[in-house]
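J.: Have a look at this one before I ask anything.
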Amino acid sequence: AVGAGALYCFFWAFGRMPLADVVAIGFAAPLCMTAMSVWLLGERVGIRRWSAVAIGFAGVLLMVRPGASTVQTAALVALLGTLLYSLGIILVRKLSETERSATIVFYFTIGATVVFGAMLPAVWITPSGADAALLVLTGLLGGVGHLLITRAYQLAPIAVIAPFDYMAILWATGFGSWADMDGNGNAAGL
């Protein structure tokens, strides 16, 4: 439920804000995860790991430049998604004490399929062949990514893995720029 809630919040925000902005808000997750790991899991976090998380978060704040324009409903929903995602990682870390990565991902996938499948009749749009292929590819890559992330959090403390989330800003900025280009490789609208 926590993971499905996080997904819903992020997808909702993606439809209402630029991709890079939603991802940037999501960069509060390493800070949240690290703090939650101390409180909920009893993990020890040294000054170097807190420093890595703080430096990454400061970089995000510098890029996002939060102000009155940032505080909008979509931003708050993205922040809720970030908190749910962080809690989900804590739960994965706890579950990994007794469960395999594949088991955790399998049950998450089944649960999310049931939850989002129930919503499907209200929002269904039949995809074209190319869109369907991209959706299948997205599902496969997402599944592999979920397995890898789950395994990483099994092998190392949250404070070690969480700062790697900051690499996503490079991907989000690149994909966001690519999506804004016209068919000739020019920025749309120029």
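The values are calculated or read from the model by the stated rules, or taken from the named source; none is laboratory data. Since the structure is predicted, the reported quantities are computational estimates derived from the model, not experimental observations. All Cβ positions, glycine included, derive from the backbone under ideal geometry; neighbour counts span all protein chains shown. The area values use the complete protein model at the heavy-atom level, side chains included, leaving out ligands, DNA and RNA. Shrake-Rupley method; radii C 1.70, N 1.55, O 1.52, S 1.80 Å.
J.: Which value in Å is the Kirkwood Rh of the stretch 131-177 over different Cα pairs?
T.: 12.3
J.: Could I ask something else about it? From the protein chains alone at 1.4 Å, what is the descending order of accessible area for Met167, Met36, largest first?
T.: From most accessible down to least: Met167, Met36.
J.: Suppose only helical runs count, i.e. DSSP H with n ≥ 4. What mean residue ellipticity at 222 nm does that imply for the chain under -39500 (n - 2.57) per run, divided by all residues and rounded to the nearest 500 deg cm²/dmol?
T.: The helix contribution divided over the chain gives -24500 deg cm²/dmol.
J.: Taking the Cα centre of the chain as origin, sum charge times position over the Cβ atoms of Lys and Arg (+1) and Asp and Glu (-1), and report the length of that vector in debye to the nearest 20.
T.: Rounded to the nearest 20 debye, it is 540 debye.
J.: Work out which helices of the chain, taken as complete DSSP H runs, extend at least 20 Å along their axis over the Cα atoms and score a mean Kyte-Doolittle of -0.5 or more, then list them.
T.: 47-64, 73-95, 101-123, 129-155
J.: Now a separate question. Distance from the Cα centre of the stretch 1-55 to that of the stretch 73-109, in angstrom?
T.: 10
J.: Answer with a single label: of (i) 30; (ii) 17; (iii) 26, which was calculated as percent of Cα pairs over 28 Å apart from the structure in view?
T.: So the calculated entry is the one marked (i).
J.: Using a Gaussian network for the chain with springs between C-alpha atoms less than 10 Å apart, which of these wobbles most: Val53, Val23, Val136?
T.: Val136
J.: Could you check the simple spin-label distance between Phe175 and Leu137, using points 7 Å along Cα→Cβ, in nm with one decimal?
T.: 1.2
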